[in-house]
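Enquirer: Provided herewith is a single structure, encoded as structure tokens, for subsequent inquiry.
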Amino acid sequence: MEFWISWKSTGRSERETMNKYEVSEIKKLFTKERCCITRMAGCYVNAEKEKVLQFKEPFLSIPEEEMYKYLDIFRKAFSGAIGKNLLNLEFPLEQEMGDGTQKDLLILRDGELKDDDALEAFYDRVIGTWHHPENYLILLIHGAYDIPAKAADGFEMEDASDYVYNFILCCLCPVELSKAGLSYNAETNSFQDRIRDWIVGMPEQAFLFPAFNDRNTDLHSLLFYSKNTKEFCSEMIEQFLGCTQPLPAPQQKESFQSIIEDALGDECVYDTVLQIHDTLNEMIEEKSDDPEPLRLDKSDVRRLLERCGAPEENMEQFEQEYDSEIGAQETVMANHITDTKTFEVKTPEVTVKVQADCADIVETRMVDGVPCLVIPLTNEMIVNGIHVKQKVEQQAAE
């Protein structure tokens with residue numbers, strides 16, 4: 001089957017987003033052997049938004065046992081899926097001019113976290129926009145990565161490098177009391193109440209600036225991490241970083257479903273929705289080897305609907321719905337708007353789920369004048385965990 005995807009360019013570069021290989025390359029830097037962190041700074045903030053502790057030191061001067069704990073935190077900021085936990089955010093033009101948000105981040109990066117006034121202003125801005133209800137730690141590092149050149153076969157040539165990628169990484173980590181419990185005291189050979197300590201957790205929000213696009217510095221964008229994939233911190237993204245907040249994955253799916261229902265109208269029938277499901281999954285499978293996730297813009301979604309039977313007279317309504325629900329210039333990720341593992345049919349009384357690649361076994365058919373879902377039975381059937389025998393032919397004969 002032939003698929004059509006339009007890849008948009010804004011004129012800055014052919015590709016403006018970090019792909020999974022570039023994310024992985026940066027993530028691998030946060031080990032003791034490959035560490036390129038020059039300096040770390042931090043600010044401990046209590047529930048009343050007060051700065052309890054501030055620190056700043058060369059990273060390699062930290063005791064080794066502590067260093068491994070910090071590296072675990074930094075690696076976590078690169079976990080999850082692109083477009084779901086990891087968001088490529090681009091600075092609007094106004095934030096790259098004058099005293100825009102990009103300028104403040106450049107001051108921190110270029111000063112390698114040595115400017116106390118810049119750090120103080122950074123902490124104040126975080127405290128003013130990240131509304132965490134309890135204690136938390138603002139962790140900030142500067143790194144300088146000597147980018148190894150790559151041969152045609154993809155092999156890294158460690159001794160051949162033309163560029164240095166200077167970056168900062170900020171992690172916002174909750175600080176919580178450890179759970180109460182009993183512990184064994186070897187000195188007294190007894191069990192006693194365990195001392196509750198304040199423990200630094202894994203980051204809930206983080207960002208890498210600048211982005212590492214095309215294996216080099218991209219000052220126009222950054223990579224944002226969110227532990228919560230259903231709801232992003234809009235104040236951090238829009239006010240602190242000055243970027244446009246993308247739709248979370250669940251909202252992309254809900255918006256797409258609403259657009260489908262409105263655009264198809266009376267043609268929103270079972271076979272048409274099944275065709276949309278199959279077509280999307282085939283498109284995703286065709287692009288499965290690409291390092292970047294498949295994105296669809298408004299024209300791509302329109303062609304998808306037209307191909308699957310949407311009436312031409314409904315296309316104007318589709319355009320309006322897309323602009324309202326998603327945004328005229330925004331894209332949706334294909335794996336967010338369809339389920340590549342499961343196909344689901346739901347009625348008020350029954351929910352039927354089958355593997356996505358077996359969706360065609362579920363049919364709609366008129367039986368004795370009643371519209372029914374029809375699913376062929378195989379030789380194996382389990383009811384409430386019990387393997388049952390099939391006597392369909394015998395019952396039919398009787």
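Enquirer: Restricting attention to region 342-391, which residues are among the charged types (D, E, K, R), surrounded by 10 or more Cβ atoms within 10 Å (Cβ to Cβ) and without any contact (Cβ under 8 Å) to a residue 60 or more places away in the chain? Even if it seems obvious, please write down each step before you answer.
Expert: Restricting attention to region 342-391, the residues satisfying the condition of being among the charged types (D, E, K, R) are 344, 346, 349, 353, 357, 360, 363, 365, 368, 380, 389, 391.
Remaining after also requiring surrounded by 10 or more Cβ atoms within 10 Å (Cβ to Cβ): 344, 353, 357, 360, 363, 391.
Glu344, Lys353, Glu363, Lys391 - these are the residues of region 342-391 that are among the charged types (D, E, K, R), surrounded by 10 or more Cβ atoms within 10 Å (Cβ to Cβ) and without any contact (Cβ under 8 Å) to a residue 60 or more places away in the chain.
Enquirer: Still on this structure, I have one more. What pairs can you find where one residue is in region 188-202 and modelled with pLDDT of 85 or more, the other is basic (Lys, Arg) and outside any strand (DSSP E or B), and their Cβ atoms are less than 6 Å apart, with a gap of 6+ or different chains?
Expert: If the second residue must be basic (Lys, Arg) and outside any strand (DSSP E or B), the pairs left are Met202/Lys76.
Enquirer: Further, regarding this structure: For region 284-344, give me every one of the helices (runs of 4 or more DSSP H) that falls completely inside it and has 2 or more residues that are over 28 Å from Lys20 (Cα atoms) and modelled with pLDDT under 90.
Expert: Details: elements: 298-307, 315-325, 334-337.
In region 284-344, the matching helices (runs of 4 or more DSSP H) lie at 298-307, 315-325.
Enquirer: With more than 21 Å from Glu235 (Cβ to Cβ), among the basic types (Lys, Arg), modelled with pLDDT of 90 or more and not in a loop (DSSP other than H, G, I, E, B) as the only criterion, which of Arg109, Arg125 stands out?
Expert: Working: Arg125 fails: more than 21 Å from Glu235 (Cβ to Cβ).
Sole residue among the options that is more than 21 Å from Glu235 (Cβ to Cβ), among the basic types (Lys, Arg), modelled with pLDDT of 90 or more and not in a loop (DSSP other than H, G, I, E, B): Arg109.
Enquirer: Would you say Asp72 is more than 16 Å from Leu222 (Cα to Cα), at pLDDT below 95, of a type in the set (Asp, Glu) and surrounded by fewer than 17 Cβ atoms within 10 Å (Cβ to Cβ)? Working first, answer last.
Expert: Working: more than 16 Å from Leu222 (Cα to Cα): yes; at pLDDT below 95: no; of a type in the set (Asp, Glu): yes; surrounded by fewer than 17 Cβ atoms within 10 Å (Cβ to Cβ): yes.
Considered against the rule, which asks whether it is more than 16 Å from Leu222 (Cα to Cα), at pLDDT below 95, of a type in the set (Asp, Glu) and surrounded by fewer than 17 Cβ atoms within 10 Å (Cβ to Cβ), Asp72 comes out as no.
Enquirer: Select from region 233-283 the residues that are within 18 Å of the chain's Cα centre (by Cα) and not in a helix (DSSP H, G or I) and list them in ascending order.
Expert: Matches in region 233-283: Cys233, Leu241, Cys243, Thr244, Gln245, Pro246, Leu247, Pro248.
Enquirer: So, of the residues in region 164-222 that are farther than 30 Å from Pro148 by Cβ and among the acidic types (Asp, Glu), which turns out to be surrounded by the most Cβ atoms within 10 Å (Cβ to Cβ)?
Expert: Per the criteria, the residue is Glu204.
Enquirer: Kindly list, by first and then second residue, each pair from a residue in region 175-186 that is within 21 Å of Pro133 (Cα to Cα) and modelled with pLDDT of 90 or more to a residue that is polar (S, T, N, Q) and surrounded by 10 or more Cβ atoms within 10 Å (Cβ to Cβ), limited to pairs with Cβ atoms under 7 Å and residues at least 6 apart or on different chains.
Expert: Val175/Asn135
Enquirer: Here's another thing I want to ask about it. Taking region 75-114, which residues are on the phi > 0 side of the Ramachandran plot and without any contact (Cβ under 8 Å) to a residue 40 or more places away in the chain?
Expert: Keep residues of region 75-114 that are on the phi > 0 side of the Ramachandran plot, which gives 80, 83, 98, 112-113.
Correct list: Gly98 only.
Enquirer: Let me ask something else. Taking Glu94 as meeting all but one of (1) farther than 23 Å from Gln329 by Cβ; (2) assigned to a helix (DSSP H, G or I), write down the number of the exception.
Expert: Result: Glu94 fails condition (1) only.
Enquirer: Next up: Under 9 Å between Cβ atoms, which residue pairs at least 6 apart in sequence (or on different chains) link something in region 30-42 that is polar (S, T, N, Q) with a partner that is in a loop (DSSP other than H, G, I, E, B) and surrounded by 20 or more Cβ atoms within 10 Å (Cβ to Cβ)?
Expert: Final answer for the pair search is Thr38/Leu113.
Enquirer: A follow-up question, please. Looking at (1) in contact with a strand residue (DSSP E or B) (Cβ under 7 Å, 6 or more places away or on another chain); (2) loosely packed, with under 14 Cβ neighbours inside 10 Å, find the lone condition where Pro133 falls short.
Expert: Among (1) in contact with a strand residue (DSSP E or B) (Cβ under 7 Å, 6 or more places away or on another chain); (2) loosely packed, with under 14 Cβ neighbours inside 10 Å, the lone unmet condition for Pro133 is (1).
Enquirer: Could I ask something else about it? Can you name the residue in region 359-398 that is in a helix (DSSP H, G or I) and modelled with pLDDT of 85 or more and, of all such residues, is farthest from Leu274 (Cα to Cα)? Lay out the reasoning, then the answer.
Expert: Step one: list which residues in region 359-398 are in a helix (DSSP H, G or I), which gives 359-361, 392-397.
Filter once more, keeping what is modelled with pLDDT of 85 or more: 359-361.
Details: Ala359: 8, Asp360: 8, Ile361: 11 Å.
Residue satisfying both the conditions and the ranking: Ile361.
The values are calculated or read from the model by the stated rules, or taken from the named source; none is laboratory data. Here the structure is a predicted model, which is why all the values come from computation and not from measurement. Please note: Cβ atoms are built from the backbone with ideal geometry, for glycine as well, and neighbour counts cover all protein chains shown.
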